[in-house]
Amino acid sequence: MKRLTTLFIAFALVLTVFCSNGYSERSNKFIIGTWKVISDVEDDEEFVKRTDCDVLYTFTQNTITIEEFTGENCKGLVQNLNNTWPYSIANNVIVGFNVEESQEVISTYDYEIVELTDTTLKIKYEEEGYVNRITMTRQ
């Protein structure tokens, strides 16, 4: 009986490790593409609504590019000198790396993946009482 219990615990541990690693790999592959922000709520104040100009997040295998459109008929692109960042996914968290031109990491940003489906991506960023919730749809 003791041996059976030990085998069960070992099996459960192996299953947990492989499932959690697999989820991160699936999330990394599944998140690749362009996502349009449909809601951006910071501390209960909504900044992006469906009627606003587009904000697009494009995920490649290892970078995030954020494009924000503005102006008449939303044709202008807000120029941001540093709008592409490397990222990784681990344990259901997107870790974005803020890097200098020398590629030295100067800070990181952890976004929890709240929901990831074929059509919807919801992420949340929390730091010292500040909460940012972003909902996106796949383009």
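Bear in mind that the values in this text are calculations on the coordinates, not laboratory data. Small disclaimer: the values here were computed from a predicted structure and weren't measured. Cβ: placed from backbone, ideal geometry, glycine included. Neighbour counts: every protein chain shown.
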Can you work out the Karplus-derived ³J(HN,Hα) for every residue in the stretch 36-46? Use 6.51 cos²θ - 1.76 cosθ + 1.60 with θ = phi - 60°, whole Hz, and x for glycine or proline.
9, 6, 10, 7, 9, 10, 10, 6, 6, 10, 7
I need the calculated FRET efficiency for the pair Val78 and Ile38, taking r as the beta carbon distance and R₀ as 22 Å, to the nearest 0.05.
0.75
